[in-house]
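The values are calculated or read from the model by the stated rules, or taken from the named source; none is laboratory data. Here the structure is a predicted model, which means the values were calculated and not measured. Virtual Cβ from ideal backbone geometry, glycine too; neighbours counted across all protein chains shown.
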Amino acid sequence: MRADAYQTFSRAEWAALRANTPFTLTHDELVALRGMNYSVSLDELAEVYLPLSRLLELHVRAARNLNGVTDTFLGRPFVGRTYVIAIAGSVAVGKSTFARVLQALIARWPATPTVDLVTTDGFLFPLQELERKQLVRRKGFPESYDTRRMVRFLADIKAGVPEVRAPVYSHEAYDIVRDEWQVVRRPDVLIFEGLNVLQPGVVGGPGGRPASVILSDFFDFSIYLDARTADIEAWYVERFLMLQRTAFQKPASYFHHYKDLPQKEAREVGQRIWSEINAVNLRENILPTRERAHIVLSKGGDHAIERVSLRQL
């Protein structure tokens, strides 16, 4: 990252910015929000999440005041607008757990805002279409998403449409769930999480012109979860082995055919999938978006956040 673009804090320095932000989650609640192969400790909650929660609360309050100024200028009643927080990062870096904990913290702010969490998985093209386009092994790459549909979804959220529907994705079926929707009803805060949220968009229009509207146009704040590539690979393979012992055992699982592999072979399969697909996507499409984020949270090999970089420019 450009050193002049970010101010970087050690975990101890960042923790000091918590001020008097109170604990609002218990250990049992954190356990319930845990991810597949790691959980957030009370220490990490206090030292990383609570200062971040304080910063976000200040941003949301400021945005609401600014919206009020615009409404006053236009001579119309004040209308609260959804504040959109984007969370980006690699497969297996812990975005889902991070997003769930952040959602729980924001919902416990004194103003008790409504907070919805939507992932970009639901905006993948259906498996049948990916197969037709020969993109199954490019799943998670920019071309595997219906980006225009995501733009419409976010535009409707920002426009205050009373009900906006997001498609639902099944990790077990490895596909979009037909005729099932997540309905979003004008929340105070929307957390939008996925691999691709900070990417610059699809090529649109004749002559290969860049898209005129991209996802980040709708974001008020963005967070990138970062870690060394070797660590993310280890977490991915560990997760693959865990899934092989659990979810892959179900007959309905798309990866059911891996259920009886010996551990050595299963590990080799996980490493091959990582190196041929996920590592390529990280290197070519995800990591280059890191400097678009307002905050970069850097993890160590134990999944704990060690440094926080706050964008200054």
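Filtered by the rule that a residue be modelled with pLDDT under 95, touching a strand residue (DSSP E or B) at 6+ places or on another chain (Cβ under 7 Å) and loosely packed, with under 15 Cβ neighbours inside 10 Å, segment 1-15 gives a lone residue, Ala5. Scanning segment 27-55 for residues that are surrounded by 15 or more Cβ atoms within 10 Å (Cβ to Cβ), among the β-branched types (Val, Ile, Thr) and not in a loop (DSSP other than H, G, I, E, B) gives a single hit, Val48. In segment 166-179 there is at least one residue that is within 18 Å of Tyr83 (Cα to Cα) and either surrounded by 13 or more Cβ atoms within 10 Å (Cβ to Cβ) or modelled with pLDDT under 95 (or both). The residue that is farthest from the chain's Cα centre (by Cα), counting only those in segment 56-83 that are surrounded by fewer than 19 Cβ atoms within 10 Å (Cβ to Cβ) and aliphatic (A, V, I, L, M), is Leu74.
Condition first: part of a strand (DSSP E or B) and within 24 Å of Ala293 (Cβ to Cβ). Now tell me which residues in segment 165-198 satisfy that.
The answer is Ala166, Tyr169, Val184, Val189, Leu190, Ile191, Phe192, Glu193.
Scanning segment 16-55 for residues that are under 18 Å from the mean Cα position of the chain (by Cα), at pLDDT below 90 and hydroxyl-bearing (Ser, Thr, Tyr) returns Tyr38, Ser39. Say whether the condition of being surrounded by fewer than 15 Cβ atoms within 10 Å (Cβ to Cβ) and either at pLDDT 95 or above or in contact with a Gly (Cβ under 9 Å, 6 or more places away or on another chain) (or both) is met by at least one residue in segment 195-211. For segment 195-211, residues surrounded by fewer than 15 Cβ atoms within 10 Å (Cβ to Cβ) and either at pLDDT 95 or above or in contact with a Gly (Cβ under 9 Å, 6 or more places away or on another chain) (or both): present.
None of Ile273, Ile232 is touching a residue at least 40 places away in the same chain (Cβ under 8 Å) and either within 22 Å of Phe98 (Cα to Cα) or not in a loop (DSSP other than H, G, I, E, B) (or both) except Ile232.
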